[in-house]
1. Scan the stretch 19-42 residue by residue and report those that are among the β-branched types (Val, Ile, Thr) and closer than 15 Å to Leu57 by Cα.
2. Out of Tyr238, Tyr232, Tyr198, Tyr243, report the one residue that is out of contact with any helix residue (DSSP H, G or I) (no Cβ under 9 Å at 6 or more places or on another chain) and hydroxyl-bearing (Ser, Thr, Tyr).
3. What residue, among those in the stretch 93-118 that are acidic (Asp, Glu) and modelled with pLDDT of 90 or more, is nearest to Asp141 (Cα to Cα)?
4. With the stretch 213-292 as the region, which strands (runs of 3 or more DSSP E) entirely inside it contain at least 1 residues that are touching a Lys or Arg at 6+ places or on another chain (Cβ under 9 Å), closer than 28 Å to Leu118 by Cα and at pLDDT 95 or above?
5. Starting from the stretch 71-96, keep only residues that are buried (at least 18 other Cβ atoms within 10 Å of the Cβ) and part of a helix (DSSP H, G or I), then list their pairs with residues that are modelled with pLDDT of 95 or more and among the polar types (S, T, N, Q) whose Cβ atoms are within a distance under 6 Å, requiring at least 6 positions of separation or different chains.
6. In the stretch 2-52, which residue that is in a loop (DSSP other than H, G, I, E, B) and more than 22 Å from Asp106 (Cα to Cα) is modelled with the lowest pLDDT?
7. What are the residues in the stretch 53-62 that are of a type outside the set (Val, Ile, Thr) and either part of a helix (DSSP H, G or I) or without any contact (Cβ under 8 Å) to a residue 12 or more places away in the chain (or both), if any?
8. Restricting attention to the stretch 120-143, and to residues there that are within 14 Å of Ile190 (Cα to Cα) and not aromatic (Phe, Trp, Tyr), which single residue is surrounded by the fewest Cβ atoms within 10 Å (Cβ to Cβ)?
Amino acid sequence: MAKKTILITGSCGLVGSETAKFFLKKKFNVIGVDNNFREKFFGKNASTLWVKKILILNRNYKHHNINICDYKKIEKIFQNNKNILGIIHCAAQPSHDWAAKSPFLDFDVNAKGTLNILELSKKYFFSKPFIYLSTNKVYGDKINTFKIIEKKKRYQIVEKKFNVNGINEQFTIDQSKHSLFGCSKLSADIIVQEYGRYFGMKTICLRAGCITGPLHSGVELHGFLSHLVKIYFNNKTYKIFGYKGKQVRDNLHSEDLASMIWEVFKKPKSGEVYNVGGGKFSNCSILEAIDICEKIGKKKFKYIIKNKNRTGDHKWWISDCRKFKKNYPKWRQKYNTRKIIFSIFRYLNSQKKNFIYS
């Protein structure tokens, strides 16, 4: 076995598993930490055990079924693995709505869990890169206060600087509604930055928009594009929460994000922040995503539109990724929204006999 090792938390989630696959192909040992809390959060359809079964087929992948809030158990992993070259922290409670129902557990996982991993990284692997998967929800819903016009299938922001390039890292995080999920992730985001700025660790926050792909255990409360395709694939009815289905998201394939993480891993910085998403290259409204599904699947999409939108939800969001591209010019984005949806369709078709989505 190769001696070079990477530690990934949330290793069976979408980004964690895609990143694990990426590093395994690079001949790394991968230490995965994931206790399938996603099933606890969202039910059986969200279970990541099926992803774990795929990962453990590779003998260079070692799995630990541990809660990141358990400092002592996590510390044993750090103590027993001296060849760790970097930490990629993907584990999280990822839902707006769920956080409001259980704020203590949400904050424990997202903020306390991150602090645990950070402090252990500082203690045992101070000079190694610490890459944190943050979220664009740290900005709250301030973007909704800008003038946004309604078009046939989507909303469009009028402000030229956003309309042309998307939203950059200078956008305010203050005076807006974040959702409790946004608050817990922002707490973690700031402390990750501080361990870079205050202590000098190589910490990087990747503020992601909508990340998806075939390995996404998407459900109603989290993972809209994956959930949308699965609902359509199984001839069920999709629920749209507010904004007439015209809310716009940029969509980044998990493979493209894994290759971003690789570039950061090779050239880390201290206390740095990047907005990462599909950007102008890959974005859509929910109605536009439905149109794409109908063109690929060649059947009618059944959906209903609820009047009430989710608390703190963005009406329009497209990430400005120019800062990342400037610092990491070798990175190339492969998937636009149509290719992302097609990749999920193709995977579901390949799994017809085993795929159940109730």
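The values are calculated or read from the model by the stated rules, or taken from the named source; none is laboratory data. Keep in mind that what you see is a predicted model, and the values were worked out from it rather than measured. Reconstructed Cβ throughout: ideal geometry from the backbone, glycine too, with neighbour counts over all protein chains shown.
1. Val30, Ile31
2. Only one candidate qualifies: Tyr198.
3. Only one residue tops the list, namely Asp106.
4. Strands (runs of 3 or more DSSP E) meeting the threshold: 248-253, 272-276.
5. What qualifies is Ile74/Asn116.
6. Ala2
7. Matches in the stretch 53-62: Lys53, Leu55, Leu57.
8. Val138
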